[in-house]
Every structure is written in C-alpha cells, then in structure tokens.
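*Asks:* Just passing along the structure, written as structure tokens.
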Amino acid sequence: MNAIPLATNDPPLHETTRPTPPVRLNLPDGGLARTQDELRSRSKGVRESLVLWAGRPGPSDGVDITHVLSLECPASDLRLVVPMSERLAALEFVRREGLLIFADLHTHPGAAFLSEADRARPFGSKEGFYAIVVPEFAAAAAPEGWAMYEARAGEWFPVDVSERIAG
Ligand SMILES: [Zn+2]
C-alpha cells in the first residue's frame, strides 16, 4: 500500500466522525488528475487497478480528500482481488493519521458500471460510502466517463459525479 498525499495533512483538531450522507468530496487542485494517473499506471492498459480516497471532514461543507491510497492487488482485465494485508495496511494508515476512507475507485477495461462481483465484494459499504468505476483503464482525463455509486442501506445507487465531487 502506497499512501500518496494530495495536500498538506494537518493533524485533526478533534475526533474524526463520518458525516451524514450525502457526502460531498472536496479534492485539492490536481487531485483528480493524480488519482487518474495512479490508476492508469497501475492498470498499464491490461489489468484492473484500485485506489482509495481518504480524508476528513473539512472546515466547511463536505470532506477534504487528503490521500490516494494505492493498493497492490492481483488482477486481470476482468477481476481484481484486494489482499487482506493491503486492506489492513490501508485501515492502519487511516487510523494512525486520523482519517476516514470515503471512496474506492477501480478501473474497468471498457464501460464503467458496478458489476455483480463489485456489488458482492465492495471495499466498504458504510452509509454514504462511494464506489467509483473508471472506464478504459483510466485512459481519458478524470472524471470523464466515471460511474459513481453511493451505499445506502446495503444497496448501491448511481449518483451524479458533478454533484458529489468538487475539484
Ligand atoms: Zn468492477
């Protein structure tokens, strides 16, 4: 697991609590491009890849995404497995830094949609957690073609990227 800082990571002023959905994700300048670059370089045009967005509630509305957590996952062009060791490394990192994970993002070879396998094995499923699918191994500029889903009561609902992500 490689934690890529997107912005100055000031320590939390208080206990980090998960905000009530819907959660608006604020990305710093260059954050979307950095995320897409990481997915593209891990996919290399041949395999699925996955990263997480971690951050904390900001001073105003929504949460500030401060890190891209890039996980080392065995994958083919059709399937990706998150090893338990990588999952634990990500959870340990956010615990230590006083952060929360708000979204997972993974690539598909073609169209972006949440597959049956994605729905069966999500990285997270807390209320308001997001699963984002990035088409064509992240070849285009972010967030072109991204499909975003929100977890509500154990189900996944499509939501509008432009309404949930600022940056
Ligand atoms: Zn998928």
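*Asks:* Select from region 98-141 the residues that are buried (at least 19 other Cβ atoms within 10 Å of the Cβ) and farther than 21 Å from Leu80 by Cα and list them in ascending order.
*Replies:* Leu99, Leu100
*Asks:* Follow-up. Test each condition in (1) in contact (Cβ under 8 Å) with a residue 40 or more places away in the chain; (2) under 20 Å from Trp156 (Cα atoms); (3) not polar (S, T, N, Q) for Ala120 and report the one that comes out false.
*Replies:* Status for Ala120: all satisfied but (1).
*Asks:* Being part of a loop (DSSP other than H, G, I, E, B), of a type in the set (A, V, I, L, M), under 15 Å from the mean Cα position of the chain (by Cα) and surrounded by 17 or more Cβ atoms within 10 Å (Cβ to Cβ) is the requirement here; does Ala90 meet it?
*Replies:* Values: part of a loop (DSSP other than H, G, I, E, B): no; of a type in the set (A, V, I, L, M): yes; under 15 Å from the mean Cα position of the chain (by Cα): yes; surrounded by 17 or more Cβ atoms within 10 Å (Cβ to Cβ): yes.
Answer is no for this residue.
*Asks:* OK, next. Considering only residues that are surrounded by 19 or more Cβ atoms within 10 Å (Cβ to Cβ) and either touching a helix residue (DSSP H, G or I) at 6+ places or on another chain (Cβ under 6 Å) or not in a loop (DSSP other than H, G, I, E, B) (or both), which ones fall in region 58-85?
*Replies:* Val63, Asp64, Ile65, Thr66, His67, Val68, Leu69, Ser70, Leu71, Ala75, Leu80
*Asks:* Right, next: Please state which of the following conditions Glu72 fails to meet, knowing it meets all the rest: (1) more than 10 Å from the ligand (Cβ to nearest atom); (2) within 19 Å of Arg47 (Cβ to Cβ); (3) modelled with pLDDT under 95; (4) not aliphatic (A, V, I, L, M).
*Replies:* Tallying (1) more than 10 Å from the ligand (Cβ to nearest atom); (2) within 19 Å of Arg47 (Cβ to Cβ); (3) modelled with pLDDT under 95; (4) not aliphatic (A, V, I, L, M), Glu72 fails exactly one: (3).
*Asks:* For region 118-156, enumerate the residues that are assigned to a helix (DSSP H, G or I) and farther than 20 Å from Asp77 by Cα.
*Replies:* Passing the criteria: none in range.
Residues are listed down the side, and each one gets a yes or a no for (1) more than 16 Å from the ligand (Cβ to nearest atom); (2) outside any strand (DSSP E or B); (3) on the phi > 0 side of the Ramachandran plot; (4) at pLDDT below 90:
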{"site": "Asp10", "(1), (2), (3), (4)": "yes, yes, no, yes"}
{"site": "Thr17", "(1), (2), (3), (4)": "yes, yes, no, yes"}
{"site": "Ser41", "(1), (2), (3), (4)": "yes, yes, no, no"}
{"site": "Gly45", "(1), (2), (3), (4)": "yes, yes, yes, no"}
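The values are calculated or read from the model by the stated rules, or taken from the named source; none is laboratory data. Values in this document were obtained by computation on a predicted structure and should not be read as measured data. Using ideal geometry, Cβ is built from the backbone for each residue, glycine included, and neighbour counts are taken over all protein chains shown.
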